[in-house]
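Chemist: Input: one structure, supplied below.
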Amino acid sequence: MILSDIVKHLMQNDNIGIISHVTPDGDALGSSAALGLALERLGKRVVVLRNDRLPSKYSFLPGSHLAVDCEKAPFKPDILVALDCGDVERLGSGVMHYEAAGTVINIDHHLSNTMFGNLNLVDTNAAATAEIVYQVIKLMGIALDLDIAICLFTAIAADTGCFRYDNTSIVTHGIAGELISIGVKSSEICRRIYSLRTLEQTKMLGRAIDSIKLYHGGKTAIMKITKKMMQETGCGQEDLEGVIEFARDIEGVEIAALLRETDDGEIKVGLRSNEYADTSEIAASFNGGGHRKASGYTVGGPMDAAVETLLDRIEKILRV
Ligand code: 5GP
Ligand code: MN
């Protein structure tokens with residue numbers, strides 16, 4: 001079984017690198033820190049390879065002593081574990097470690113995962129990659145301590161919208177219950193990752209909400225964030241996690257999209273759906289990926305052209 005093969009590899013090797021996707025979210029960061037801390041308990045040399053900035057709202061996560069920028073890795077890992085990452089491009093500057101690693105272990109829950117590892121454990125039923133990391137840690141025989149529990153809980157809460165999205169299963173609640181019994185403060189973590197915002201982030205949210213336009217009889221909501229809006233509010237891309245939910249939550253909307261101008265003139269698109277639409281199909285058609293109800297891709301600008309092509313694609317899959 002692949003899970004036990006992975007555990008065997010982790011137990012038998014001493015230099016382990018952990019990496020996740022660029023523009024890291026709570027699952028990417030929490031899963032990486034949890035696995036890193038667990039392997040450290042086993043006496044392994046572990047490094048969590050950073051390929052992007054840590055969003056400030058996740059600075060409370062334990063395990064930061066294990067993290068270094070990709071370019072400054074203190075040793076060459078025997079094994080590279082990629083977590084929550086659907087394809088090699090999403091490793092960003094971490095691709096150098098992908099190319100150098102003897103063995104790549106790919107642990108993920110994205111429908112669009114390209115199976116880029118030597119060992120691939122992709123469970124699309126897992127609400128978060130952290131659910132799979134939890135199984136790995138258990139099978140390695142490591143007792144969960146409060147630090148590991150906080151990391152796993154944060155990851156799961158982030159990918160389930162604090163247990164509201166329909167990826168939340170009995171398994172999700174079971175694991176969360178165990179983590180709470182270890183001492184995790186559920187309400188505190190959910191507030192930190194879902195409600196707490198700086199003034200700048202709140203102003204950005206206001207501008208983003210103001211930009212929303214509905215199409216297709218109200219079934220599609222488009223939200224646009226320009227570079228100018230980012231400059232004026234003093235926000236970076238790491239300040240935008242969760243903003244798209246305000247478009248998805250509009251009554252009658254099936255598909256919501258957030259289009260953001262990047263520094264290099266491209267357009268980063270995030271997609272969400274509510275009931276039936278498979279947004280990962282739309283994202284895949286633009287070389288992106290993700291889950292049915294949450295996905296993304298990047299295209300060339302300008303913004304209005306990106307909106308037009310997206311609206312055409314969405315129209316084809318909306319039910320009348
Ligand atoms: P978000 O909108 O929160 O950035 O991303 C939603 C989901 O889609 C996440 O699971 C994320 O990993 C995935 N995703 C976002 N952008 C891309 C992309 O460009 N490529 C791929 N493969 N997945 C993406
Ligand atoms: Mn995830």
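The values are calculated or read from the model by the stated rules, or taken from the named source; none is laboratory data. The model shown is predicted, which means the values in this text are computed figures rather than measured ones. Ideal geometry is used to build each Cβ from the backbone, glycine not excepted, and the neighbour counts take in all protein chains shown. The protein model used for the area step is the full one, side chains on, heavy atoms only, and it has no ligands, DNA or RNA in it. Shrake-Rupley method; radii C 1.70, N 1.55, O 1.52, S 1.80 Å.
Chemist: What distance in nm separates the simple spin-label points at residue 68 and residue 196, each placed 7 Å from Cα in the Cβ direction?
Modeler: Between residue 68 and residue 196, the simple spin-label model gives 2.9 nm.
Chemist: When the chain is fully extended, how far beyond the present Cα-Cα distance does residue 171 get from residue 95, taking 0.36 nm per residue of separation?
Modeler: Extending this stretch completely gives an extra 24.1 nm.
Chemist: If you split all Cα-Cα distances of the chain into 10 Å bins from zero, what percentages do you get per bin, shortest first?
Modeler: Calculated over all Cα pairs of the chain, the distribution is 6, 27, 35, 23, 8, 1 percent.
Chemist: Quick check: Cα centre of the range 56-87 to Cα centre of the range 121-197, how many Å?
Modeler: After rounding, the separation between the Cα centres reads 19 Å.
Chemist: Give me the distance between the Cα centres of the range 226-253 and the range 93-120, rounded to whole Å.
Modeler: The two parts, judged by their Cα centres, are 30 Å apart.
Chemist: Using just the helices of the chain, give the 222 nm mean residue ellipticity in deg cm²/dmol: DSSP H runs with n ≥ 4 each add -39,500 (n - 2.57), and the total is spread over all residues, rounded to 500.
Modeler: Value at 222 nm, helices only: -11000 deg cm²/dmol.
Chemist: What Cys residues in the chain have no fellow cysteine's beta-carbon under 4.7 angstrom?
Modeler: Cysteines lacking a close Cβ partner in the chain: 70, 85, 151, 235.
Chemist: Here's something else I'd like to know. Could you do me a favour and compute the accessible area per residue for the chain, 1.4 Å probe, result in Å²?
Modeler: In whole numbers, the chain has 44 Å² accessible per residue.
Chemist: So, one more: Give me the percent of accessible area attributable to carbon and sulfur for the chain, probe 1.4 angstrom.
Modeler: About 50 percent, which is the carbon plus sulfur part of the accessible surface.
Chemist: Which residue, 177, 26, 36, has the most motion in a Gaussian network model of the chain that connects Cα atoms within less than 10 Å?
Modeler: Most flexible of the set in this elastic network: 177.
Chemist: Another one. Could you work out how much longer the chain between residue 287 and residue 319 gets when fully extended? Use 0.36 nm per residue separation minus the Cα distance between them, nm to one decimal.
Modeler: 9.1 nm
Chemist: May I ask you to derive the FRET efficiency for residue 5 and residue 182 from their Cβ-Cβ distance with R0 = 30 Å, giving the value to the nearest 0.05?
Modeler: Efficiency for this residue pair is about 0.60.
Chemist: Within straight cross-link reach of residue 57, meaning Cα distance under 26 Å, which lysines are found once same-chain residues fewer than 8 apart are removed?
Modeler: Correct list for residue 57: 72, 185, 203, 224, 227, 228, 268, 293.
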